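Laboratory data are not the source of any read-out in this text; all were calculated from the coordinates shown. Keep in mind the model is a prediction, meaning the values are calculated, not measured. Counting neighbours? That spans all protein chains shown, and the Cβs are built from the backbone with ideal geometry, glycine included.
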Amino acid sequence: MKILKKITSVLLLSTIAYSSDVYISDITKVPELKMKGTKLSFKEIEGYQNYQIVATHFRKDKNELRYVLANPIAYNALREKKKIMPDGSKIVKIGWTVNDMSTFPTALEANEIQRVEYMIKDKTKASESDGWGYARFIKKNGNYESWQGDTKSCVACHSIVSKNDAIFTEFQKMF
């Protein structure tokens, strides 16, 4: 009986692991793109679809819904309200256009991804901006391309919240 339980457990775990690998590898592939003027690439955040949501925002000026995701390092730091984020923190913003929701006319819903942006805390890659590196990838005609702007504008904008370690987002509790 014990052997049967062990074999069943091993088979179950193997199936789950195989299924997870197949599923995760299908959804986490990102294009080979590098951000102009930095050492950052889209591959830096490969697997970001599995990060946890920490907040949502609506940018009125861009008419864009943004989901803010964090890797486990950043998620824990944001949840614990740390003033300084640890190296390895990755925060991803996904910007979506919005449409009226066809099934619920007084609501809006996410329509198409417009951009994927991220910031990563890594003092070796971003020493000129208090340790944060910034990257933006724009989606055009169904494909992503590197944003051609200068990330100095990212640094300047995020300096507005320097007392929050350059982070606009606060952790939004769900309970």
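Structure summary
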read-out	value
Segment 61-175: C-alpha gyration tensor shape, a/c 1.5 cut-off, then a/b vs b/c	oblate
Debye, to nearest 20: dipole size of segment 33-175, +1 on Lys, Arg Cβ, -1 on Asp, Glu Cβ	280 debye
Shape category assigned to segment 107-175 from the gyration tensor of Cα positions, a/c cut at 1.5	oblate
Tensor-based shape of segment 45-104 (alpha-carbon gyration tensor, a/c under 1.5 rounded, otherwise prolate or oblate)	prolate
Relative contact order (percent, whole number), segment 39-131, Cα cutoff 8 Å, 6+ residue spacing	23 percent
E112/N76 FRET efficiency (R0 45 Å; Cβ-Cβ; nearest 0.05)	0.90
Dipole magnitude of segment 32-95, debye to nearest 20 (Cβ charges: Lys/Arg +1, Asp/Glu -1, about Cα centre)	260 debye
